[in-house]
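The values are calculated or read from the model by the stated rules, or taken from the named source; none is laboratory data. On a predicted model such as this, the values are computed, not experimentally measured, just so you know. With ideal geometry, Cβ positions are generated from the backbone for all residues, glycine too; neighbour counts draw on all protein chains shown.
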Amino acid sequence: MIKSHRFLRQFIRFITLLIATCAIAFLLMEASPIDPVQSYIGAGVAVSPEQREQISAYWGLDQSPIERFYTWGNHLLHGDFGDSLIYRRPVLQVIGEKFTNSFCLMLAAWLGAGLIGLFLGCLMGLYENRWPDKILKTISYLFASTPAFWLGLLLLLFFAVYLELFPIGFSAPIGVAAADITWGQRLYHLFLPALTLSLTSFANIALHTREKLIAIYHSDFILFAKARGESNKSIFFRHGLRNILLPAISLQFASFSELFGGSVLAETVFSYPGLGQAAVNAGLRGDIPLLLGITLFSVIFVFCGNLMADILYGWADPRTKEASK
């Protein structure tokens, strides 16, 4: 009974979040000074008033904002997300194509941030209040407050322009057919954007791991383990790492929203053809169907990540379940 009630509450929260997010995104697009008809035609291209009316009628832009939002919602319930004004293709097809690149980028950054954060957090916890802890804690705060686009520009200038070790942008070499692109080339182009997201996302995991490990090392059962003569290596792997690993993984799943937001900036800096760059283009060129579709998809993606984090938190700490009951 409790599980069904909790599921119903989460479902209602999910539906309410979808409706509110789409409505806010639609209102912001309506308030934008960008003319979607001119964006569809192209900058500097002049057409007659009759042609503008035909284009507006074709895309439904001649209707009132309430009518357009209602029409879009009605089509959405039937699985139709509409057609993109920029790509001249169905929105779902564009999202599926762009999300493949974004998913590879976010997965690489997600794994990198988790490994870096866990490793540095363990080091800070083991060297509490000593110089390694102070230096690494300062570095964590520094990267946590660094904007992703600024860090991406620095990495791009240093590694791609100055040292010429990595490409300037894109997800694959220019002029190479898609069938001829190897995984090595994709990973080569993926490295700098993924490194940018990893460096701006690891701080929360590192600082949380540090506090958790320090609390464990100050507990009574660690003092008892030391009194029994256990080595520092045994104490860390048997008691410390086992107790901080699952909470760190749970926090890692909760970082989906940060990764998704950071990927928009990273893809823009590195000209990476992912979902974030498509969202920027849709916003700048007034492509309301595509922008609403990406907004809807991003809400679903982030909500699922947060839901998985809540489930893992309950599994890692049974006291969470008891509190909810």
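Looking only at the stretch 159-182, count how many residues are assigned to a helix (DSSP H, G or I) and more than 25 Å from the chain's Cα centre (by Cα).
Total meeting the criteria: 5.
This table checks each residue for (1) closer than 30 Å to K233 by Cβ; (2) at pLDDT 85 or above.
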position: G82; (1), (2): no, no
position: R88; (1), (2): no, no
position: G96; (1), (2): no, yes
position: G112; (1), (2): yes, yes
position: P147; (1), (2): no, yes
position: Y162; (1), (2): no, yes
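State yes or no: is L223 closer than 23 Å to T138 by Cβ and of a type outside the set (S, T, Y)?
So L223 does not fit the description; no.
So if I check each of T146, T200, which one is in the same structural domain as S255 (by TED's automatic domain parsing), within 19 Å of A266 (Cβ to Cβ) and crowded, with 19+ Cβ neighbours inside 10 Å?
Just a single option satisfies the conditions, and that option is T200.
Given the criterion more than 15 Å from G262 (Cα to Cα) and either surrounded by 13 or more Cβ atoms within 10 Å (Cβ to Cβ) or in the same structural domain as I249 (by TED's automatic domain parsing) (or both), identify the matching residue among G112, G121.
Testing whether each residue is more than 15 Å from G262 (Cα to Cα) and either surrounded by 13 or more Cβ atoms within 10 Å (Cβ to Cβ) or in the same structural domain as I249 (by TED's automatic domain parsing) (or both) leaves just G121.
Can we say V47 is crowded, with 17+ Cβ neighbours inside 10 Å, of a type in the set (A, V, I, L, M, F, W, C) and out of contact with any Pro (no Cβ under 9 Å at 6 or more places or on another chain)?
Criteria not met by V47.
Could you tell me which numbered condition N101 fails, if it satisfies all but one of (1) outside the structural domain of L190 (by TED's automatic domain parsing); (2) closer than 21 Å to L192 by Cα; (3) polar (S, T, N, Q)?
(1)
Please work out which one of (1) buried (at least 16 other Cβ atoms within 10 Å of the Cβ); (2) touching a residue at least 40 places away in the same chain (Cβ under 8 Å) is the condition R186 fails and give its number.
The number of the failed condition is (1).
Under 7 Å between Cβ atoms, which residue pairs at least 6 apart in sequence (or on different chains) link something in the stretch 227-244 that is under 17 Å from R210 (Cα atoms) with a partner that is surrounded by 11 or more Cβ atoms within 10 Å (Cβ to Cβ) and hydroxyl-bearing (S, T, Y)?
If the second residue must be surrounded by 11 or more Cβ atoms within 10 Å (Cβ to Cβ) and hydroxyl-bearing (S, T, Y), the pairs left are G240/Y217; I244/T209.
Which one of the conditions (1) at pLDDT 85 or above; (2) of a type in the set (D, E, K, R); (3) outside any helix (DSSP H, G or I) does E230 fail to meet, given that it meets all the rest?
If we test E230 against (1) at pLDDT 85 or above; (2) of a type in the set (D, E, K, R); (3) outside any helix (DSSP H, G or I), just (1) comes out false.
Tell me which residues, restricted to the stretch 50-72, are assigned to a helix (DSSP H, G or I), of a type outside the set (F, W, Y) and either touching a Lys or Arg at 6+ places or on another chain (Cβ under 6 Å) or surrounded by 15 or more Cβ atoms within 10 Å (Cβ to Cβ) (or both).
R52, I55, S56, R68
Just to verify a result, which residue in the stretch 264-297, among those that are in contact with a Phe, Trp or Tyr (Cβ under 6 Å, 6 or more places away or on another chain) and of a type outside the set (A, V, I, L, M, F, W, C), is nearest to S84 (Cα to Cα)?
Ranking the candidates gives G293 first.
What residue, of F81, F14, F99, is part of a helix (DSSP H, G or I) and over 27 Å from G152 (Cβ atoms)?
F14
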